[in-house]
1. Among B:Leu42, B:Leu24, B:Leu63, which one shows the highest mean-square fluctuation when chain B is modelled as a Gaussian network with alpha-carbon springs under 10 Å?
2. With no solvent and one point on each alpha carbon, what is the Debye value of log10 I(q)/I(0) for the range A:33-227 at q = 0.10, 0.12 Å⁻¹?
3. How many times 2.2 N^0.38 Å is the alpha carbon radius of gyration of chain B?
4. Please list log₁₀ I(q)/I(0) at q = 0.16, 0.19, 0.20 Å⁻¹ for the range A:1-106, using the Debye equation with identical point scatterers on the alpha-carbon positions.
5. I need two numbers for the range A:2-48: Rg to one decimal and Dmax as a whole number, Cα atoms only, in Å.
6. How long, wide and thick is the range B:18-72, going by the Cα atoms along their three principal axes, in whole angstroms, largest first?
7. How charged is the neighbourhood of A:Arg52? Take every other residue with its Cβ under 14 Å from the Cβ of A:Arg52, and add Lys/Arg as +1 and Asp/Glu as -1.
8. Which helices, taking whole DSSP H runs in chain B, have alpha carbons extending 30 angstrom or more along the helix axis plus mean Kyte-Doolittle at least 0.5?
Amino acid sequence: MHSAVVRVQNVFGFFTTVAFCVAGVIALSSFINPQFPSASVKLRNVQVVRGRPHYYSYKKEEYAHIKFDLDTDLSTLFNWNTKQVFLYLKAVYPSSKPGQPPSEAIIWDAILPSSSAPKHQNHYIHPNPKKPQSKSKKSKSKNQENIDSPYPRGELHLNNHRPKYQITDISGKLQNRTDVVLELGWNVQPWVGALTWQNKVDFGVWNALKGGVSAKFDFPEIGAKKKAEDLGTEKGKEGHRLEAGGEQPIRKRPS
Amino acid sequence: MADQLLEQVRDAVEGQIDFEGQRLAELVTTVLLGAAGIVAFLVGYMAQDIKFTLYIGLGGTALTFLAVVPPWPFYKKNPEPWLPPHAAISGVSIDVDGKKVG
């Protein structure tokens, strides 16, 4: 410590030790913050269509398009050490081969920032049910001010929401699969410390996720009629074309 | 003249302090940095805002650098006296290659 250079080294050396210890304590402090997340996921509509992975592909694959309802209260995931929460909804279905683990595919995801996170273009913007979607300049400047969700942080209420991704299977075959569920998952990304995923069992003061799994459903056949509720809708006259040579209009049978 | 100037510059850069000063500097480093870390965590946790922790921690570190690195006068209060010239204490004679040195 007799010369200035030695003192600089000494202070900096101890600073790194202190910084590491404080970071460690901060990381541990996340675990004493109680959290009790809850969520409800419901299937609204599922369709399977045939398509190509890209325009020049010769391979045809089957894609599932899943609409869903999602209501969550994840506000307790946001403690002082949370930077953002990556939230995702995945479809889980048994593998076509027995003995293989079930397949999972993400159909929708969102990045929920905490209040301490700086603004970023990829942050999730919750659709606002009250405000009509208008593209005028006036409303755009207004949107900049309250770009935040109409609900408190971590609370989502999505109604009949479209998926972000259409999913397919590695085999390319997706129709008539049974026992599909939608499952909510997340990844909490802290400022300091370990990443944590959704917990299915209680862990200390962290309660397991309540709900978050939809009822079982099946992927329908390609071109199958939609769910019963859709059958009641009014159809245009083009739905009643006469078969050539026939006398009765063709009516597709509800499956 | 140039030598003298160089000597002054070297003294200023090296910033040497005495032995008691070194003990004190060590103590100040430990106490200030440790306190900054603890205060930073507590304030941040109370306010539930990690930015407080960051800035208090960095501020405390800057303060510690300021307090410890420059050779402040209070690190130089107990200068170690030099031994008096050899000739004054004894008539010890040291031979180096036949030459009388001491």
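1. Of B:Leu42, B:Leu24, B:Leu63, the most mobile in the Gaussian network model is B:Leu42.
2. The computed values of log10 I(q)/I(0) come out as -0.50, -0.71.
3. Working: Rg = 23.3 Å, N = 102, 2.2 N^0.38 = 12.8 Å.
So the Cα radius of gyration is 1.82 times the expected 2.2 N^0.38 Å.
4. -0.97, -1.10, -1.14
5. Just the Cα atoms of the range A:2-48 yield Rg and Dmax of 24.3, 77 Å.
6. 44, 15, 9
7. Values: positive: A:Arg50, A:Lys59, A:Lys60; negative: A:Glu61, A:Glu62.
Combined, the nearby Lys, Arg, Asp and Glu give +1.
8. Numbers: long enough: B:19-47 (42 Å, 1.29).
Passing helices, by number: B:19-47.
Just so you know, all these numbers are worked out from the coordinates, no wet-lab data involved. Just so we're clear, the structure is a prediction, and the values are computed from it rather than from any experiment. FYI the Cβ positions are ideal-geometry reconstructions off the backbone, even for glycines, and counts take in every protein chain you see.
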